[in-house]
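The values are calculated or read from the model by the stated rules, or taken from the named source; none is laboratory data. If you're wondering where the values come from, they're calculated on a predicted model, not measured in any experiment. All Cβ positions, even for glycine, are placed from backbone atoms using ideal geometry, and neighbour counts span all protein chains on display.
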C-alpha cells in the first residue's frame, strides 16, 4: 500500500512535470519567466567579420599577444611565465609544487588504485532499469601514534609512554554509498591509547579492544533506487545506519560514537535560506551520557546558510532505558564572518529534573581574526588570533562527550574542551585567547594560548602551547604543554605531552 | 684425398660448433615463450595522423579509399595492382606521394609546394609527420601490436577517437565544442596550477581526484595528477572530449568524475547520443544508439556535483538544481546550457533544426533533421591562453617554436596568422555566449528617496535571480565572485560612500584580501557579496575562511582519504565546510546602504553595479599564476545610476513606509545592461 502510494505520488509528479513541459512547448515564444522586465537597449558585442580579408580584423602582434597572456604553454611545464619565475615575482606567496614523478603515500587498496590512474571499472549495479553502476573499491588506511607525557596535577605526578593505532576500512560501492569500519585495537573509544605508567601506581594501562569503534553504512536513496525513480524526483535523502561519530555545535553538545540510524537531506532551500541540511536521528545505544543509566537519544539537527552566516539548530531528547526522567536539549549557533574576523555565538540549553542535575546552560562566544604581519621572527608568520568566552551554569552537561581523547584533553588549556568532554562545570565562566603561527609553508605550527577561568568565584590561570612539525611525507610530531595555576591545588597542572604520528 | 679426409674429420667439430651457434640463436622451445611480435614504433603516430586527417572522407562504404584500419590500408589498391602502400619503398608508395610536399620551403626542391592531401591547408603534414610516415613505410609498414599474453591490454591514445575525427562529420558540434570550457578543461593554466598546488598541499594524496574530471581520457591512459600538460598526450589535452560524453554506457550518478568511457576506434565502438534512429549503417560511419540518460541532469551530475573523498562539497550545481524551481518544472541543465539561448530554458522542439552530421560524400538532404544543441556549454569561464593556443593549434607548433616568427617558413607564418584569426573569432563567439549567459542570471533594483536631505540617505539594493536552475553563482562556488559595487559621489566628484571596491591587488576587501589582513586597507564591512567561502575549523574551535580548501590549522599533514565519518549525511566533514552566500534560484536578497549626505553638495551621484568575476586574484597568487591576474575580467551584469539632488535645509524626517520609490535615471546616466568591465589592474 505504502509502495503503491509512493509510486502514485511519483507518478503524479511525473505527470505534472510532463504537463508543465507540454505547456512550455505549446507557447509560441521561448518559455521563460521574467521576474522583472529585461533591460532595454541590451546589445551584445558583434561578432568580428569573417577572417578572410586581411586587415579587416584587428590583430595585435604575436609578441604583444604572448606578452599579455604570459607567453606560451606549449614548450615548458606550466608555461613560460611560471617556468621562468616571472609569475613568482608578482606575489609574495610561494610556488608550491611536487615533482612529476612524486610517489604519494598510498593506502592499502583492493580494486583500482586509490585516486590513481587507469580506466574506471564498473562491477554490478543497483537494481532497476538502468540502475546506477557500482565501482567497488576497498581501502585500508590509518595512523599510528607513539606518545609520552609527564604531568603533575593536584600534587600527583604521572609519567608514561604509550601508543595508539587507528585502522580504517572503507568499502566504496558508488560515489554516495559506502561501508566503513574503524578499529582502535590498542585504545578503545576516547581512551587515547594504552600506555605504561612509570610513576606510582606503575604498570601497563591496557585500553585494548577487539570491538570496532565505528561501523556504519551510508547511502543515498536516489542512487540506490534510481533505477525505479524519475530523474525529477527529489530523492537525495541519505540514510546512515550503524555506529558512527556524531558531533554538533563545535563538539560542545555531542561528540560521541553512537549506534543508531539517521536520515539526512542536504541542499534544501527556503526563500534565500540555502544549503539547508536536515537530519533526523535515533540513537538507541552507546550514548555516553553523564548519568548512571543507559539511554537513547532522538532528535533533529539543522544547518542553514543565510548570506554567508552559518546556523545550527538542534533538539535532542535523551530517554533513559529504565523509563526515568529524560533530558531535553536545545542548541542554537550562529557563525558570521565580518571582514577578516569570524564570530560564533552559541547557546546550549538543558532542561532536566534535579536528578539529572537540573536545568543548565552553556553560552559561548568564539572569535578569530586572520592576521598577517610583515615582520617574521625566525620565519614565523603570525596567522590567526583567536579568543573564546564562555559561561556555564552548574546544571549544564553535554549529551555525550566520549569521543574526546582523554589523554590529550588533560593538556588542553581551554576549559571548554574539558566541559564538552564531560567535566562537571559548576558555576563557571572563562576566557581564553591566543595566536597560531606558521612557518615554512605551514609545515610547522605553533599555537600559544592563555586562559582564565573562574569557578564559583575562584580564578585559575593557564598557559598552553602546541607545536606541530611535519617530518616526512607521512610523519609528523607534536608537543603540547600546559601550566595551570590556581588557589585550589587540585586545579594546578603542569605537564607536557609529545607525540609522533605516522599515516598511511 | 687428404684434404677431403681432413674436412671430413673436421666436419663433426665444425658441425658441433655450427649447431651450438645455431642453438644459441634459435628461440628456446619453452611453453612459456612466444614468438617476438613485430614492433613498429612509428605505427601509433602514423595511425593518429591518418585517423585525424584522413578518415573523415576515407571511410568504408564511401567513394574514397578506406583508411580506417590497418588491414584496409594495406589492402587498398591491390585489386588494381596499384597498392597504396609499398612496404619498404615509401618513395613509390602512392600514400606518400599524395601527402609529401616541400615542407621546409627549400629552393629547388623536387617536392610540390602543396600536397595533394589533405585538402585543408592547416592539416598538411608537418616535417616530423612526414618523416615518421616515410620511416614507417620504409621499415616495412608494420602494425604495432602487443603480444597476446599482454592481458589486459593497456589502453593507448589510439583507443579513443580524437575530437578532430568527430569533427570531420560533425563540424558544427566540433566547432562549438572547440571553444567550450570542456575543451579548455585540461588546457587551463589556472586549473593546472590549482591542481598542482593542492597536490603539494596534500602530499600528493589528492592523486587524480581533480584531473579525473578535467581529463578523463588522460587519467584512463595512466597520466597521474602531477603530470604537466606539456607531457600529456594529445587526447588527454582535449579535456572533456567528445567520447567522454558519447561513450558512456553506464550511469554512475554523483561519482565526482569517476566515469567509465568505453574505448574503441571511431567505427569499432558504439557512440551514444540523444537519437535512437541513427542512419549510421548506410553512411559507413560509426554505429550509434540513443541513450536518454544523456539528456538528464544526472548525466551532468557525474562531473558537476563534486564531493572530495573527505566529504567537502566542492561543487553542488546538480544538488542545487534538484531543489530548484527548474527541477519542479522539468527544466534540465541541457535546456539552458545547450539551447540556442544560453541561460534560457528552451525545450528541444524550439531549437533550430538541421542535420546533426555532414558526412563527406553523402548528400546533405539524406541526413535526418534534428533539433540542434549548442555544444558551447557557456559558463562563466573563458580562455586565458594566447590566441595561438586555444581553441585550435597547428601540428607544426609542436615541432617548431612559433614564438620566433623570424624562423618560420612562409607557410608557417601564413597558417599561424589564419589560426589566430580563426581562434579570435571563436573566442569572440564564446565571449558573446558567456555574456548572454551572465546577462540571464540576475538583475538589481535600487530604491532610495528622490531627494537627499542632510543626514543619512538609505539606498536599498535588491539582487534578484532571474533563472530557476541553480544558485548564482554556482560551480566551484568558492571561486566565483558576484557582488554589488556602490559608489556615491558629490557634485564635485568626491567619494562620499563606497563599497565593493577593490584593494591594490584587485581583491575585494574581505577576509581573503592580503591587504586587509595586513591592515593596509580597512575591511569592507558593508560588502554585499554572493561569493561562497571555504571555512575551516581551527585548532581552538573557531572557524576561519581560507582560499585553498586544505585545513592546516589542525595538523601539518593533510592526507586525502575516505572520511571516517558519514560526511554525506552532514553535507560536510567537521573540519571544513562551504559558507554559502550565493543567491538561490529565483530569489532575492537585499541590503540597505546608509549614505552620509554631505551638507556642502548640491547633488549626489549614485552608481550601483552588479559585478561578476570568475576567479579572484588572491587565488591566482596562491596557486602560482599571478601573471594571469591582469586577464581577470569584471563583467557588469546590471547597473543603475541616478543623480539625486541634495536639499540642505532639514525637514521632517520621512517614515520608512512613506519613502517614495527612486525616480528613473536621467537619460545621460547610462544604460542598464551588460557591459564589459575593465580587466584587473
Can you run down the residue pairs with Cβ atoms below 6 Å, 6 or more apart or on separate chains, where the first is in segment A:260-271 and under 14 Å from residue A:311 (Cβ atoms) and facing chain B (nearest Cβ under 7 Å) and the partner is in a strand (DSSP E or B) and at pLDDT below 95? A:268/A:276
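Taking residue B:471 as the residue in question, decide whether it is more than 25 Å from residue B:643 (Cβ to Cβ) and either in contact (Cβ under 8 Å) with a residue 60 or more places away in the chain or more than 8 Å from chain A (Cβ to nearest Cβ) (or both).
Values: more than 25 Å from residue B:643 (Cβ to Cβ): yes; either in contact (Cβ under 8 Å) with a residue 60 or more places away in the chain or more than 8 Å from chain A (Cβ to nearest Cβ) (or both): yes.
Spelling it out, residue B:471 is indeed more than 25 Å from residue B:643 (Cβ to Cβ) and either in contact (Cβ under 8 Å) with a residue 60 or more places away in the chain or more than 8 Å from chain A (Cβ to nearest Cβ) (or both).
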Which of the residues that make up segment A:306-336 are in contact (Cβ under 8 Å) with a residue 60 or more places away in the chain and surrounded by fewer than 16 Cβ atoms within 10 Å (Cβ to Cβ)? none
Selection status of residue B:218, within 14 Å of another protein chain (Cβ to nearest Cβ) and in a loop (DSSP other than H, G, I, E, B): no
Residue list for segment B:339-359, filter: touching a helix residue (DSSP H, G or I) at 6+ places or on another chain (Cβ under 7 Å) and on the phi < 0 side of the Ramachandran plot: B:341, B:342, B:344, B:345, B:346, B:347, B:349, B:355, B:357, B:358, B:359
Kindly indicate the residue of segment A:192-239 that is crowded, with 22+ Cβ neighbours inside 10 Å and more than 10 Å from chain B (Cβ to nearest Cβ) and also farthest from residue B:318 (Cα to Cα) among those meeting that condition. A:195
Scanning segment A:287-305 for residues that are surrounded by fewer than 19 Cβ atoms within 10 Å (Cβ to Cβ) and out of contact with any helix residue (DSSP H, G or I) (no Cβ under 7 Å at 6 or more places or on another chain), the one farthest from residue A:399 (Cα to Cα) turns out to be A:302
For segment B:516-533, check the following and say yes or no: at least one residue is closer than 30 Å to residue A:178 by Cα, surrounded by 20 or more Cβ atoms within 10 Å (Cβ to Cβ) and in contact with a strand residue (DSSP E or B) (Cβ under 7 Å, 6 or more places away or on another chain). yes
Which condition number does residue B:432 fail, the rest of (1) buried (at least 18 other Cβ atoms within 10 Å of the Cβ); (2) at pLDDT below 95 being met? (1)
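Looking at the structure I just gave you, is residue B:249 assigned to a loop (DSSP other than H, G, I, E, B) and more than 7 Å from every other protein chain (Cβ to nearest Cβ)?
Taking the combined requirement at face value, the residue satisfies it.
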Looking only at residues in segment A:80-113 that are more than 7 Å from chain B (Cβ to nearest Cβ), touching a strand residue (DSSP E or B) at 6+ places or on another chain (Cβ under 7 Å) and more than 25 Å from residue B:264 (Cα to Cα), which one is surrounded by the fewest Cβ atoms within 10 Å (Cβ to Cβ)? A:110
Hits in segment B:252-277 (condition: under 23 Å from residue A:223 (Cβ atoms) and assigned to a loop (DSSP other than H, G, I, E, B)): B:252, B:253, B:254, B:255, B:256, B:257, B:258, B:259, B:260, B:261, B:262
Picking from B:550, B:535, B:546, B:554, the residue that is more than 7 Å from every other protein chain (Cβ to nearest Cβ) and in contact with a helix residue (DSSP H, G or I) (Cβ under 9 Å, 6 or more places away or on another chain) would be B:550
Residue set A:195, A:215; condition modelled with pLDDT of 95 or more, more than 24 Å from the chain's Cα centre (by Cα) and part of a strand (DSSP E or B); output residue A:195
Of A:184, A:152, A:188, A:178, the only residue that is within 16 Å of residue B:309 (Cα to Cα), in contact (Cβ under 8 Å) with a residue 24 or more places away in the chain and touching a strand residue (DSSP E or B) at 6+ places or on another chain (Cβ under 9 Å) is A:178
Looking at the structure I just gave you, is residue A:153 at pLDDT below 95, buried (at least 17 other Cβ atoms within 10 Å of the Cβ) and more than 21 Å from the chain's Cα centre (by Cα)? yes
Could you please find all residues in segment B:70-90 being touching a residue at least 12 places away in the same chain (Cβ under 8 Å), assigned to a loop (DSSP other than H, G, I, E, B) and surrounded by fewer than 17 Cβ atoms within 10 Å (Cβ to Cβ)? B:82, B:87, B:88, B:89
Can you name every residue in segment B:564-586 that is over 30 Å from the mean Cα position of the chain (by Cα) and either surrounded by 21 or more Cβ atoms within 10 Å (Cβ to Cβ) or facing chain A (nearest Cβ under 7 Å) (or both)? B:564, B:565, B:566, B:569, B:570, B:574
Requiring at least 3 residues that are in contact with a helix residue (DSSP H, G or I) (Cβ under 9 Å, 6 or more places away or on another chain), the strands (runs of 3 or more DSSP E) wholly within segment A:407-504 are A:428-439, A:444-455, A:458-470, A:475-486
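On the given criteria, is residue B:274 in contact with a helix residue (DSSP H, G or I) (Cβ under 7 Å, 6 or more places away or on another chain), more than 14 Å from chain A (Cβ to nearest Cβ) and under 30 Å from residue B:314 (Cα atoms)?
yes
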Single residue of segment B:473-494 satisfying the filter (at pLDDT below 95 and assigned to a strand (DSSP E or B)) that is farthest from residue B:598 (Cα to Cα): B:476
